Structures are given as structure tokens and as C-alpha cells.
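Each remark here refers to the structure printed beneath this line.
Throughout, read-outs are computed from the coordinates displayed, never taken from laboratory work. No experiment lies behind these values; they were computed from the predicted model shown. Using ideal geometry, Cβ is built from the backbone for each residue, glycine included, and neighbour counts are taken over all protein chains shown.
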Amino acid sequence: MSNFIIATEDYAGLGFAVRLQDEGHRVILGFNPPAQTTRDRELCSRYSRVGEGMVEKAPLEELLRRREDLRDTYWIWDSNHSTEENELLRAEHYYVLGGGLHCNKMEHDRKACLEFVDRHGLQSPPSFRFEKAEDAISFCAEHPDAAYVYKPDSGDKFETFLPEAEDTTEANSELRLHLQSLSENGGPKCPFLLQERKDGIETNVEVWFNRGRPVFAFMSLECKKRYVLDLGELSGCAFDYVFTIPLESRAVQESVGKLFAAYEQMRYTGFGDANFIAAKDGVWFLEKCERFGYNAHPNLFWNLAKRGTGEILISLIDGGFTPDFAEGFGASVTMSTKENCPPGKALQFPAKIGLDLYFYDVYRRGDVNLIAGYDSAGDVLLVNGYGYTMPTAWETIMKKAAEVRFPYRHYRPDGDQTNFPSSPIRRYEALKAMGYI
């Protein structure tokens, strides 16, 4: 068995650390808390609980200091953070997967991301950058017949604002009111983009690369609104479906495929994705998130992978990776408690479904699982399941979710329905009919 360090900022990789440990690997969760966490005593206390009693933990800074003793360790970044530490390990030829300058820029610098994909022929909806809400309001007033989406240039994904009105004039007015509210509450936190809203089918394609060579692709259809029928605020991911697709498919070739030359030039090893809209006038690129992103990777590894998580990660880093994933569909749903939940609430589930859960905000005291209360949005864990069809995959996870109990729990039960705008089943049907998959 092998040695792994899961480098984390917000414990998004806790589930992977637990899974690797269950497979018999030695695992350390290397944490590097955000600055705002270290400044808040109560938040820092909750942060320190996450993963306790479940997996070995150590400050990432400490692990870097003794890295020479960890030369045979595989360092896995669960998201884009601690970029300097990541690049140092890469420069010294350690085994590293995820993170780094390129991935961090693609996720957090929208302007740089759009310029990167544009150089390689992947067009984005017309986008306009602003620093002041007042200037953006004036711009919208000058273009009343166009609808736009508000996207922070380097902010969190949940801060994106998508007008709900179908009529473009009404959507324009809706956005102006949102911008006015931002202006009256201190203004936007950072520069932002107004991106022209395009009509079509939104999806995400991810390709895995080994030293610049594309080796595997899958598609993720996710819903981001927190509550049933696409109500409520945007979250990282409320639920999703994943399934494998050929590298030769239209969905790949007209999205990430346009960037193959760039990845080859970088000799890139890792994940390359594109969130885009397939429309009647072509493909419109929206954003990239090149990391172990929200539900998609746990869904893929838990439900479709035929080999162990550690074996897959090692083979991708070492160069011996061969795709070995099941046909059919993986499904996952995020289970949450109330926002800013007090720590110590009990989390109960039968042992038979333990391996189907991916933990976020959990710690263990003896034999009892507890909620740490660090995640301000209240996300606790993912429930995963497999099916030969999307409805049967959904039926599987709903049965499991019903057996998971904790205070104030909620999750979306409508993943098999088709009566809301982002229904994955309807989107899958449309993409298939259009010849993308």
C-alpha cells in the first residue's frame, strides 16, 4: 500500500482521505485553513474538529518542512489553494496531482480563463468587466434587450447571479435591481463580469490528461440550486449525475478538445474541464474548475470506478492509467443541516451504507459520528449510488438518504423529475438528440 497526503483548505477532501484509508493506504490530511478561519476563535475551533477521530491530520506547513522524509508520498490537492506550496513540490519533483498555478488561475481568475480558452478557439458569450456596480447598471440600461449573468471575477461560485426571468428585457431589469442592491450594501467585493446569457443546454465535460495526453472523459450534469425545483440560492452542487463519454464524442471535441494542444504543450497531468452551453448556434464556454470539484469526482470514484481510488490516482500520476469505469450512471445528492449549525449534532446511518457516503463536515468521537458545524452553508455529506438509468440511480440514493439521520437535515428529492429548468434527465435527452453524446 502507498502513502498519501490530501492537501485541504476547507476539508473538501475529507471523504477521499477516509476512502483511501479504508483501502489500506496510509493517509494524512494536510490542512491549511483560510485566513478568515484563523481570525475567528469559534470558527477555528469548529475547523479543528473536522476529520478528528477519522484520519490522521497535520498542518500542511509542517508536512512541507519535513517533506524530504515524504519523498515516496503522493500529494493530492482537493481544490485550488496553497498554490506556492503546490508549485514548490512540483519544482522538487514530488508526486503531485491537482492544484497549482494553472488550475488556480482557471478557477479564480475569470478574465485570464476566458483569454486562455479564446486563444484556442473556444468561444465564450460576450463578456464585459466592471469594478463598480453603478457602471454595470448604466451598461445594462444602454442594452435593455440583452440578458446578462453576474459573475465575480475571482469570487465564490455561489455569488454568481443568474436572472430567472425568461424574457430578456425582464432579465435585464432583474439584474439591474441585483446590482443596485450590491451598490447599497458596500458594492461588489471584487471586479466582476457581465456575461451575455445564452439559451441552450448547460453541461460539463472533463478530460483527464497524463503528461499532456488525453486518456479519459466523462460528463457531469449537476443542479446547483439548493432547494427543490431549482429554488433557493446557488450552492456548490445540490445533486448530480456522471457518466463516461468517448474522447471522440462531439461533446469533448467541441469543448475541452479545442484545448488539447495547450495541455500537450504544458505536459499537463490532471483534470481539464469545460462548463459550456450547447446551443443551436454552437458551443458557448462558461467556466473551468480544474480540481476535485464538488460532487463530480466522489460520484465518479464511488459509483463508476471498477478499481480502488488509490490505484487510479497513482496510475494517473505515474503514467500507467487505463480507464476502467462502468457504463451507466452515478448519482449523488448533498445532504445538509441548517446554516451555521452548532457543533456536536449526531450523525447516524446504518453500517451497510457507510461506504456510499462522502464526508465533508464530520468528526468522530469513539463510535459516534458528529457534525463539526464548520461549513457555514451546512453541507454535511454526499450520498452516492449507481444505476443503469438515471431514474434507477436516483432511486438508489433516495433509499440511502432516507436512512441517514441528523438534525435539520435536508436534501433535494427531485433529481428524477423533469418539471424544472435544469432537469438533468431533460438535458441528457437534449444532448443525445443533438448528437453531443
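Quick one: in the stretch 201-433, what % of C-alpha pairs are over 25 Å apart? Everything past 25 Å amounts to 43 percent. The base-10 log of I(q)/I(0) for the chain, evaluated at q = 0.06, 0.09, 0.10 Å⁻¹, reads -0.24, -0.56, -0.71 [Debye formula, identical scatterers on Cα atoms, solvent excluded].
The local environment of residue 217, defined by Cβ-Cβ distances under 11 Å, has a net charge of -3 under the rule Lys, Arg +1 and Asp, Glu -1.
Could you calculate the FRET efficiency of residue 68 with residue 306 from 1/(1 + (r/R0)^6), where r is the beta carbon distance between them and R0 is 30 Å, rounded to 0.05? Let's see the in-between values first.
Values: r = 36 Å, r/R0 = 1.19.
Approximately 0.25, to the nearest 0.05.
Note on residue 400: aspartates and glutamates with a C-alpha under 13 Å away, same-chain residues under 8 apart excluded, are 356. Just so you know, the Rg over Rh for the stretch 126-196 is 0.92, from Cα atoms, with Rh as the Kirkwood radius. Among 174, 159, 42, the residue with the largest mean-square fluctuation in a Gaussian network model of the chain, with springs joining Cα atoms closer than 10 Å, is 42.
The angle separating the long axis of helix 390-401 from the principal Cα axis of greatest extent in the chain is about 50 degrees.
Beta carbons within 10 angstrom, averaged per residue: use that to sort the peptides 328-337, 210-219, highest first.
Details: 328-337: 25.3, 210-219: 19.0.
Highest mean packing first, the order is 328-337, 210-219.
With the charge dipole of the stretch 201-433 set up from +1 on Lys and Arg Cβ and -1 on Asp and Glu Cβ about the Cα centre, the Cα lying farthest toward the positive end among the listed residues 313, 243, 407 is that of 407. Length gained on full extension, residue 183 to residue 392, computed as 0.36 nm times the residue gap minus the Cα-Cα distance: 70.6 nm.
Taking every DSSP beta bridge with both residues inside the chain, roughly what % is antiparallel (nearest 5)? Display every interim value, and only then the final one.
Values: 64 of 82 bridges.
That works out to approximately 80 percent antiparallel.
Excluding residue 435 itself, what net charge comes from residues whose Cβ is under 12 Å from its Cβ, given Lys and Arg +1 and Asp and Glu -1? Spelling it out: positives minus negatives among the neighbours equals +1.
Averaging the Cα positions of each part gives two centres, and for the stretch 241-292 and the stretch 32-94 these lie 29 Å apart.
Structure note, pairs 198/288; 306/432; 189/338; 151/224: Cα-Cα distances above 21 angstrom occur for 306/432; 189/338.
Report summary: the helix-based calculation at 222 nm, which adds -39500 (n - 2.57) for every DSSP H run with n ≥ 4 and divides by the residues of the chain, gives -8500 deg cm²/dmol. Peptides 233-239, 301-307 ranked from most to least packed give 233-239, 301-307, packing being the mean of other C-beta atoms within 10 angstrom over each peptide's residues.
Over all other residues within a Cβ to Cβ distance under 12 Å of residue 350, the charged ones net out to +2, with Lys and Arg as +1 and Asp and Glu as -1. Determine the distance separating the Cα centre of the stretch 341-382 from the Cα centre of the stretch 157-206; give it in Å without decimals. Spelled out, the Cα-based centre of one part sits 34 Å from the other. All C-alpha pair distances within the stretch 3-108, sorted into 5 Å bins from zero, spread as 2, 13, 23, 25, 20, 12, 5, 0 percent across the bins. Label sites at residue 159 and residue 112, each approximated as a point 7 angstrom past Cα along Cα to Cβ, lie 1.7 nm apart.
What FRET efficiency would be calculated for the residue pair residue 36, residue 324, taking the C-beta separation as r and a Förster radius of 56 Å, to the nearest 0.05?
On the way: r = 41 Å, r/R0 = 0.73.
FRET efficiency, residue 36 to residue 324: 0.85.
With a Förster radius of 25 Å applied to the beta-carbon distance between residue 348 and residue 432, the computed FRET efficiency rounds to 0.05.
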